[in-house]
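Encoded as structure tokens, the structure appears first; notes follow it.
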Amino acid sequence: MRIGWIGCGRHAGEMLLPQLTRYDIRLAALCDIDAANRARIGARYGVPEAARFADAQAMLDAGGLDAVGMAVGPTQHRDFAVAALRRGLHVFMEKPAGASAEDARAIAAAARDAERHVVVGFMKRFSTANRIAINHARGFAHRASFLGEYMTAPTYFTGDPDYTGFYLHHCVHYLDLVPHLMGRPLEIRARRHELSPGRLLLHVDFRFDGGGLGTLVMGTHQSRATPMEWWQVMGDHERVEVRNVHEVRLHRAPKFKVGAPDAALTDGEDTLVWEPNLTVAANEDHKGYHAILGAWLDLIAGRSRPDAPTIADGVAAMAALDAMQRSVESGEPVAP
Ligand SMILES: NC(=O)c1ccc[n+]([C@@H]2O[C@H](COP(=O)([O-])OP(=O)(O)OC[C@H]3O[C@@H](n4cnc5c(N)ncnc54)[C@H](O)[C@@H]3O)[C@@H](O)[C@H]2O)c1
């Protein structure tokens with residue numbers, strides 16, 4: 001598998017390429033407009049000078065690739081994905097899938113025409129703890145409600161007073177994860193509270209196909225040195241929660257323990273808890289980057305991966321994001 005990579009910045013260098021290169025692939029070419037990033041990543045992975053490009057079109061024109069990965073930015077994802085698909089290449093793109101739902105639809109159309117796979121980097125589906133909890137939640141007889149929070153700090157968004165970066169780079173993750181858990185949102189309503197410029201709080205309410213309700217809190221007023229994520233799905237006498245992407249609790253319908261001399265924990269009734277053992281001497285990636293890249297490679301190899309976020313999921317997330325933003329402005333519920 002000969003892979004070309006576009007965008008050798010922080011996220012590719014720290015997270016994606018270290019995980020991608022654990023698979024049996026060859027990083028055959030790379031591209032970045034920044035010469036220092038290009039040189040550093042090229043040297044790290046032994047990409048020959050002749051296969052390091054400043055221009056993505058030139059990399060694609062040079063040929064010799066089976067697939068392309070990218071972590072650049074919203075409009076570049078649209079342009080480079082469409083260009084790669086027109087050359088018959090499979091695509092992995094970091095989120096967001098363009099700067100708008102229209103951009104995501106343009107990528108989806110190109111993927112359909114080319115009959116190639118596009119996976120969008122919604123790796124929150126693949127975090128080990130999330131995956132465990134998703135599998136339980138999806139097994140509930142009723143998925144009655146979602147409650148969660150996904151916070152960040154104002155540092156990323158200073159100088160960006162319209163919060164476009166917050167919406168496109170941060171919020172979009174949960175506009176994939178929440179429907180993945182709860183089903184299609186029929187209606188989204190967002191309420192906003194701006195503590196001060198750059199410090200925005202959103203309470204986003206959902207009504208899902210199937211009757212479930214959801215509330216998601218997102219904001220830019222918490223320290224990134226603290227845990228940023230918590231969510232819970234409630235069914236009927238069962239609920240599953242994930243704290244900080246690493247602790248899962250599955251509550252069911254146990255007996256009261258007080259006054260029971262034989263009180264004990266019972267299989268199938270009492271609460272189950274899972275956490276990873278962080279002392280295992282293996283390169284385990286519980287955040288989900290290794291797993292999502294593996295799902296992409298599986299799809300390319302013709303293996304079924306219904307859990308993979310495709311460009312159809314990218315379109316749905318961008319449509320939900322658009323509905324959320326319109327509701328932030330109007331205060332009214334909006335159908336995605
Ligand atoms: N899923 C996640 O957890 C996660 C985390 C961080 C970032 N991301 C996403 O990854 C993407 C990149 O983020 P980042 O933090 O690495 O940003 P970054 O600025 O560090 O990296 C982007 C790189 O793209 C290069 N670039 C810009 N325009 C280019 C062009 N026209 N052609 C080729 N290269 C170009 C830049 O020089 C830079 O090296 C964003 O879309 C972001 O949302 C995802």
>> Can you find, within the range 261-286, the residue that is surrounded by the fewest Cβ atoms within 10 Å (Cβ to Cβ) among those that are hydrophobic (A, V, I, L, M, F, W, C) and at pLDDT 95 or above?
In response: Ala264
> For Ala28, which of the numbered conditions (1) in contact with a strand residue (DSSP E or B) (Cβ under 9 Å, 6 or more places away or on another chain); (2) in a loop (DSSP other than H, G, I, E, B); (3) farther than 23 Å from His169 by Cα fails to hold?
Replying inline: (2)
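Residues checked against (1) under 15 Å from the mean Cα position of the chain (by Cα); (2) without any contact (Cβ under 8 Å) to a residue 12 or more places away in the chain; (3) assigned by TED's automatic domain parsing to the domain that holds Leu201:
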site: Arg224; (1), (2), (3): no, no, yes
site: Glu241; (1), (2), (3): no, no, yes
site: Glu247; (1), (2), (3): no, no, yes
site: Ala253; (1), (2), (3): no, no, yes
site: His286; (1), (2), (3): yes, no, no
site: Ala291; (1), (2), (3): yes, no, no
site: Leu297; (1), (2), (3): no, no, no
site: Ile300; (1), (2), (3): no, no, no
site: Arg305; (1), (2), (3): no, yes, no
> Under the condition of being near the ligand (Cβ under 9 Å from one of its atoms), of a type in the set (A, V, I, L, M, F, W, C) and under 26 Å from Ile300 (Cα atoms), which residue from the range 23-43 is surrounded by the most Cβ atoms within 10 Å (Cβ to Cβ)?
Replying inline: Cys31
> Can you name every residue in the range 2-22 that is more than 9 Å from the ligand (Cβ to nearest atom) and either assigned to a strand (DSSP E or B) or under 16 Å from Gly46 (Cβ atoms) (or both)?
Replying inline: Arg2, Ile3, Gly4, Trp5, Leu17, Pro18, Leu20, Thr21, Arg22
>> Condition first: part of a helix (DSSP H, G or I), within 14 Å of the ligand (Cβ to nearest atom) and within 20 Å of Leu297 (Cα to Cα). Now tell me which residues in the range 84-115 satisfy that.
In response: Ala84, Ile107
> Looking at the range 118-158, which of its residues are more than 13 Å from the ligand (Cβ to nearest atom), among the β-branched types (Val, Ile, Thr) and under 29 Å from Leu200 (Cβ atoms)?
Replying inline: Ile134, Thr158
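The values are calculated or read from the model by the stated rules, or taken from the named source; none is laboratory data. It should be emphasised that the depicted structure is a prediction, and the values quoted were computed from it without experimental measurement. Don't worry about glycine lacking a Cβ; one is built from the backbone with ideal geometry, like all the others, and counts go over all protein chains shown.
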